[in-house]
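K.L.:
Structure provided below as structure tokens; questions to follow.
The values are calculated or read from the model by the stated rules, or taken from the named source; none is laboratory data. It should be emphasised that the depicted structure is a prediction, and the values quoted were computed from it without experimental measurement. Cβ placement follows ideal geometry from the backbone for every residue including glycine, while neighbour counts extend to all protein chains displayed. Accessible surface is based on the protein model in full, side chains and every heavy atom, while ligands, DNA and RNA are left aside. Shrake-Rupley method; radii C 1.70, N 1.55, O 1.52, S 1.80 Å.
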Amino acid sequence: MRLIAACPARPTRVLVDGFGSRDLTADLVDGLIAAGRPPVRVSGADFQRPAGERYQYGREDAGSFRDRWLDTGALRREVLDRSDSVLPALWDAARDRSVRVARVPVPAHGVVLVDGLFLLGLGLPADVVVHLALSPAALRRRGVPDWQLAAFSSYDEEVAPRDLADVV
């Protein structure tokens, strides 16, 4: 929290990567407000590709889950490459349709918090990167299906998010 609050007083982009990242961003909101850094939350889950693209290789393909479900181009274009306003959501994956929401202004000293899975190693621009590291056993206890565990394992081995993050 201190690392984020200490960033220069301009729009700051923070990636919170890993299982449980949505809960962590929710926990950061009050502290950022108290520090005078109004947050704007964006979830990677709201930037998934349409089902036809996500499930092209099957509904339980770990490689596709890790590398193809997130629409990184849209996340970059609509959120991370902008400093004046962001689109807080693009796609409702459960209903498999576009969401129609207005852009949200980012205050001059605000913080854009982006939570999600497998955000690192994609060249996404960020000022601060946080990675939540969980063991396979911890992921299993939190209800991650067995077929997804391979994606988390390959992500840890190939991308090495612990080496890319400012905070683990």
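K.L.:
In region 149-168, what count of residues is obtained for those that are out of contact with any Phe, Trp or Tyr (no Cβ under 6 Å at 6 or more places or on another chain) and surrounded by 15 or more Cβ atoms within 10 Å (Cβ to Cβ)?
P.N.:
So the answer is 9.
K.L.:
Since residue 14 meets every condition but one in (1) touching a helix residue (DSSP H, G or I) at 6+ places or on another chain (Cβ under 9 Å); (2) over 16 Å from residue 124 (Cα atoms); (3) crowded, with 20+ Cβ neighbours inside 10 Å, which condition does it not meet?
P.N.:
With (1) touching a helix residue (DSSP H, G or I) at 6+ places or on another chain (Cβ under 9 Å); (2) over 16 Å from residue 124 (Cα atoms); (3) crowded, with 20+ Cβ neighbours inside 10 Å applied to residue 14, the lone miss is (2).
K.L.:
So, residue 71, is that one among the charged types (D, E, K, R), surrounded by 17 or more Cβ atoms within 10 Å (Cβ to Cβ), under 17 Å from the mean Cα position of the chain (by Cα) and within 22 Å of residue 21 (Cα to Cα) or not?
P.N.:
So residue 71 passes the test.
K.L.:
Can I ask one more? Step by step: first the residues of region 75-84, then only those that are over 20 Å from residue 19 (Cβ atoms) and surrounded by 16 or more Cβ atoms within 10 Å (Cβ to Cβ), then the one that is modelled with the lowest pLDDT. Which residue is that?
P.N.:
82
K.L.:
From the list 102, 165, 108, 137, exactly one residue is aliphatic (A, V, I, L, M) and either closer than 18 Å to residue 16 by Cα or in contact with a helix residue (DSSP H, G or I) (Cβ under 9 Å, 6 or more places away or on another chain) (or both). Which is it?
P.N.:
165
K.L.:
Sticking with this structure for a sec: Select from region 66-102 the residues that are in contact with a strand residue (DSSP E or B) (Cβ under 6 Å, 6 or more places away or on another chain), more than 26 Å from residue 145 (Cβ to Cβ) and β-branched (Val, Ile, Thr) and list them in ascending order.
P.N.:
79, 86, listed by residue number.
K.L.:
Return the residues of region 132-148 that are open to solvent by 50 Å² or more (accessible area, probe 1.4 Å) and polar (S, T, N, Q); say none if nothing qualifies.
P.N.:
Answer for region 132-148, where residues must be open to solvent by 50 Å² or more (accessible area, probe 1.4 Å) and polar (S, T, N, Q): just 135.
K.L.:
State whether one or more residues within region 53-65 are under 25 Å from residue 97 (Cα atoms), touching a strand residue (DSSP E or B) at 6+ places or on another chain (Cβ under 7 Å) and open to solvent by 50 Å² or more (accessible area, probe 1.4 Å).
P.N.:
No, region 53-65 has no match at all.
K.L.:
Another question about this same structure. Could you say which residue among 5, 94 is open to solvent by 80 Å² or more (accessible area, probe 1.4 Å) and aliphatic (A, V, I, L, M)?
P.N.:
94
K.L.:
Could we say that residue 119 is touching a helix residue (DSSP H, G or I) at 6+ places or on another chain (Cβ under 9 Å), open to solvent by less than 10 Å² (accessible area, probe 1.4 Å) and either among the basic types (Lys, Arg) or outside any helix (DSSP H, G or I) (or both) here?
P.N.:
yes
K.L.:
Restrict the check to region 93-110 and report whether at least one residue is free of Cβ contacts under 8 Å to residues at least 12 places away in the same chain, closer than 30 Å to residue 8 by Cβ and not in a loop (DSSP other than H, G, I, E, B).
P.N.:
Checked region 93-110: no residue is free of Cβ contacts under 8 Å to residues at least 12 places away in the same chain, closer than 30 Å to residue 8 by Cβ and not in a loop (DSSP other than H, G, I, E, B).
K.L.:
Show the residue pairs meeting these rules: Cβ distance below 6 Å; 6+ apart or different chains; first residue within region 140-168 and farther than 25 Å from residue 14 by Cβ; second residue among the acidic types (Asp, Glu) and not in a helix (DSSP H, G or I).
P.N.:
147/60
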